[in-house]
Amino acid sequence: MAEEKLTTRAEDFSEWYNQLVIRADLADYAPVRGCMVVKPYGWALWENITSWLDKEFKATGHVNAAFPTLIPMSFFEKEKDHVEGFAPELAVVTHGGGQELEEKLAVRPTSETIIGHMYSKWVKSWRDLPILIVQWGSVLRWELRTKLFLRTAEFYWHEGHTAHSSEEEAKEEMYRILDIYERFCLEEAAVPVFKGTKSDTERFAGAQITTSIEAMMWDKRALQSGTSHYFGDNFAKAFEIQYLDKNNKLTFAQTTSWAISSRIIGAMIMVHGDDHGLVMPPRLAPIQAVVVPIFKSDEEKAKVMEVADRIFAELKAAGVRVKFDDRDNVSSGFKFNDWEMRGVPVRVEIGPKDVEKGTVALARRDRPGKEGKTFVPQTNLDSTVKGLLDEIQASLLKRATEYRDSNIHNVATYDELKEVVKDGWAFSYWCESRECESKVKEETKATTRNIPFDQPKEEGACVVCGKPSKRKVYFAKAY
RNA sequence: CGGGGCGUGGCGCAGUCCGGCUAGCGCGCUUGCUUUGGGAGCAAGAGGCCGUAGGUUCGAAUCCUAUCGCCCCGACCA
């Protein structure tokens with residue numbers, strides 16, 4: 001390590017993040033501007049994320065498929081809002097095989113168009129519906145300002161694309177997926193989120209309804225962590241996805257799409273990370289526990305290694321994702337800091353004293369340094385460690401939820417709102433007009449995050465214009 | 001796209017204003033010995049077309065011209 005200390009979050013949150021992603025070995029900068037290399041440790045984390053989601057999608061009847069990376073440019077012109085939304089960030093292939101192409105090809109920024117095109121071929125009868133397809137892959141958007149995981153030109157995700165025979169069914173699908181996303185964030189990532197509906201201006205290009213889950217980062221900025229859209233028949237009309245219904249009537253299908261991207265890794269970093277480095281939620285951590293042997297002489301080494309080996313094998317057999325750090329070119333002190341930087345939830349230290357006493361030192365990552373260290377018996381260590389992993393998982397969610405809730409303020413006046421969004425979120429009534437929304441954005445840089453499903457019963461007055469308003473919305477500065 | 005900064009061993013930099021010997025420093029890397037309960041020490045090594053292309057000059061990392069790239073700050077986005 002070139003520099004030993006990480007920039008602290010309070011000093012410079014953005015710099016803390018940049019250093020951490022590199023030093024925790026999650027990713028590296030690629031030679032192409034705005035692109036990243038996801039390193040094995042980062043990819044292992046992503047695999048844990050994807051395998052949980054994949055399992056849930058399959059359990060709810062979805063199947064995986066793959067569509068091409070290249071999309072004919074003309075496809076983007078078929079849906080007006082969609083083309084306006086994505087035109088600025090398209091990368092376009094103009095040459096192939098040394099020849100200029102007759103029709104330019106866009107590198108997919110998302111796949112609604114090409115999938116819509118295919119669905120129109122596949123959907124002829126009501127019996128062909130629903131179609132519930134998920135594509136796992138990467139997409140490319142020509143971003144001007146990038147940041148590892150949070151916003152890169154190419155990013156990894158899944159995009160679900162479904163087609164249904166009724167509005168109700170399509171909307172149900174949208175909400176069903178959002179519920180899966182919420183469960184993922186709470187149960188796996190330990191990141192609390194609000195489910196809600198996006199405002200008209202924040203809606204996905206081409207959608208009728210966009211729902212999202214919104215999370216608060218340590219710096220109190222909001223991060224949209226997943227989205228689920230209902231398109232109505234917008235894309236069906238643009239791509240002629242039509243079928244004969246039970247009454248032999250030609251009908252447009254109802255479609256949805258939804259996604260969680262590798263950005264969620266950025267959310268986990270910014271919610272749980274501390275000034276010592278990354279903090280991985282145990283359920284997603286590629287390495288849940290690391291065994292660090294400590295010794296001086298060769299005699300000590302022999303004794304310690306024997307016990308450490310045995311404990312490593314026991315934990316592994318018990319299903320813990322465990323690593324044995326037997327490097328002999330770095331000191332144990334270095335290893336402690338190294339694994340803390342990488343966010344491994346539990347560290348098992350075994351030294352000569354432990355061998356004598358039949359103990360190990362257990363250090364929990366959510367309480368860094370010596371404070372989180374306790375000495376426990378070697379017997380039943382597997383269940384001790386598993387119990388501690390569960391405890392850490394729960395504690396991370398609790399801590400993040402308390403932090404979030406303590407930084408959200410109900411506001412009734414515009415002055416209050418302006419003050420609150422400087423360093424937190426405002427929750428207030430809003431008349432849902434574009435004017436009031438853009439006024440807030442221009443004057444405070446805060447945007448509407450979402451109108452949560454979970455709403456107070458009574459009505460109120462818009463925080464900006466005072467008109468009667470049915471629903472409350474979160475205002476916050478966002479990534 | 002507008003504003004600011006920077007390109008010199010793997011990484012971080014000094015040297016550039018005022019041209020001059022074999023281009024330095026820290027970290028990392030390699031080897032050896034001693035170390036190891038919170039980021040080890042000593043010794044010996046390896047590693048650089050100074051972003052690129054022209055030009056000025058006896059001589060260019062340094063001066064001139066062009067060009068490429070990167071980072072940071074502002075308008076859009078998962």
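Among A:Asp274, A:Asp128, the order of accessible area from largest down is A:Asp128, A:Asp274, computed with a 1.4 Å probe on protein heavy atoms. Could you pull out which residues in region A:87-124 have an amide N less than 15 Å from a spot 7 Å beyond the Cα of A:Glu240, following the Cα-Cβ vector? Answer for this model: A:116-124. Computed from Cα atoms, the angle from the helix A:112-122 axis to the main principal axis of chain A rounds to 70 degrees.
For region A:196-212, putting each phi into the Karplus relation 6.51 cos²θ - 1.76 cosθ + 1.60 with θ = phi - 60° gives couplings of x, 9, 7, 6, 4, 6, 8, 5, 4, 4, x, 8, 8, 10, 10, 10, 8 Hz, in residue order, rounded to whole numbers and with x for Gly and Pro. Highest mean packing comes first when the peptides A:150-157, A:280-287 are listed by Cβ atoms within 10 Å, giving A:280-287, A:150-157. Ordering A:Ala170, A:Ala236, A:Gln224 by Cα displacement along the dipole of region A:164-299 toward the positive end leaves A:Ala236 in first place; charges were set at the Cβ atoms of Lys, Arg (+1) and Asp, Glu (-1). Rg over Rh for region A:350-479 works out to 1.31, using Cα positions for both radii and the Kirkwood form for Rh. Based on Cα contacts under 8 Å between residues 6+ apart, chain A shows a relative contact order of 13 percent. Normalised Debye scattering of chain A at q = 0.12, 0.13 Å⁻¹ gives log10 I(q)/I(0) of -1.11, -1.23, counting only Cα atoms as equal scatterers and leaving out solvent.
Dipole of chain A computed with +1 at Lys/Arg Cβ and -1 at Asp/Glu Cβ about the Cα centre; of A:Val355, A:Ile115, A:Trp43, farthest Cα towards the positive end is A:Val355. The convex hull built on the alpha-carbon positions of region A:1-94 has an orientation-averaged projected area of 10.5 nm². Dipole size of region A:189-263 about its Cα centre, with +1 on Lys/Arg Cβ and -1 on Asp/Glu Cβ: approximately 120 debye, rounded to the nearest 20. Apolar share of the accessible surface for region A:13-272: 51 percent from carbon plus sulfur atoms, 1.4 Å probe.
Across the protein chains, with a 1.4 Å probe defining accessible surface, the residues A:Asp354, A:Asp454, A:Asp275 rank A:Asp454, A:Asp275, A:Asp354 from largest area downward. Taking one equal scatterer on every alpha-carbon of region A:13-272, how large is log10 of I(q)/I(0) by Debye at q = 0.11 1/Å? Rounded to two decimals, the profile gives -0.62.
In region A:408-476, the ratio of gyration radius to Kirkwood radius, Rg to Rh, stands at 0.91 when only Cα atoms are counted. Of all DSSP bridge pairs formed entirely within chain A, close to 85 percent run antiparallel. Taking amide hydrogens as placed 1.01 Å from N in the peptide plane, the amide H of A:Arg449 sits under 5 Å from those of A:Tyr474, A:Phe475, A:Ala476, each at least 5 positions away in sequence or on another chain. Only protein heavy atoms count here; on that basis, with a 1.4 Å probe, A:Cys431 has an accessible area of about 40 Å².
Taking every alpha-carbon pair under 8 Å whose residues sit at least 6 apart, region A:13-272 reaches a relative contact order of 20 percent.
Rounded to the nearest 20 debye, the dipole magnitude of chain A is 300 debye, with +1 charges on Lys and Arg beta carbons, -1 on Asp and Glu beta carbons, and the Cα centre as origin. Of the listed pairs A:Lys237/A:Lys445; A:Lys301/A:Lys323; A:Lys80/A:Lys249; A:Lys422/A:Lys457; A:Lys195/A:Lys373, which have alpha-carbon separations greater than 30 Å here? Violating the 30 Å Cα-Cα cut-off are A:Lys237/A:Lys445; A:Lys195/A:Lys373.
Computed from Cα atoms, the angle from the helix A:298-317 axis to the main principal axis of chain A rounds to 30 degrees. The phi torsions of region A:74-81, fed into the Karplus equation with coefficients 6.51, -1.76 and 1.60 and a -60° offset, translate into couplings of 4, 4, 6, 8, 6, 10, 4, 5 Hz, rounded to whole numbers, with Gly and Pro shown as x. On a 31 Å Cα-Cα criterion, which of the cross-link pairs A:Lys58/A:Lys316; A:Lys171/A:Lys418; A:Lys5/A:Lys439 come out too long? Listed pairs above 31 Å: A:Lys171/A:Lys418; A:Lys5/A:Lys439. Listed by chain and number, the aspartates and glutamates whose C-alpha is less than 13 Å from the C-alpha of A:Lys121, apart from same-chain residues fewer than 8 away, are A:Glu240.
Counting every alpha-carbon pair across region A:289-388, the share separated by more than 22 Å comes to 21%. Computed with a 1.4 Å probe on the full set of protein chains, the accessible area for A:Met268 sits at about 10 Å². Split the accessible area of region A:289-388 by element, probe 1.4 Å, and carbon with sulfur accounts for 51%.
Ligands, DNA and RNA are left out, and with a 1.4 angstrom probe the accessible area of chain A is 46 Å² per residue.
The values are calculated or read from the model by the stated rules, or taken from the named source; none is laboratory data. All of these numbers come straight from a predicted model, not from anything done at the bench. We place every Cβ from the backbone using ideal geometry, glycine too, and count neighbours over all the protein chains shown. Just the protein is used for accessible areas: all its heavy atoms, side chains included, with ligands, DNA and RNA removed. Shrake-Rupley method; radii C 1.70, N 1.55, O 1.52, S 1.80 Å.
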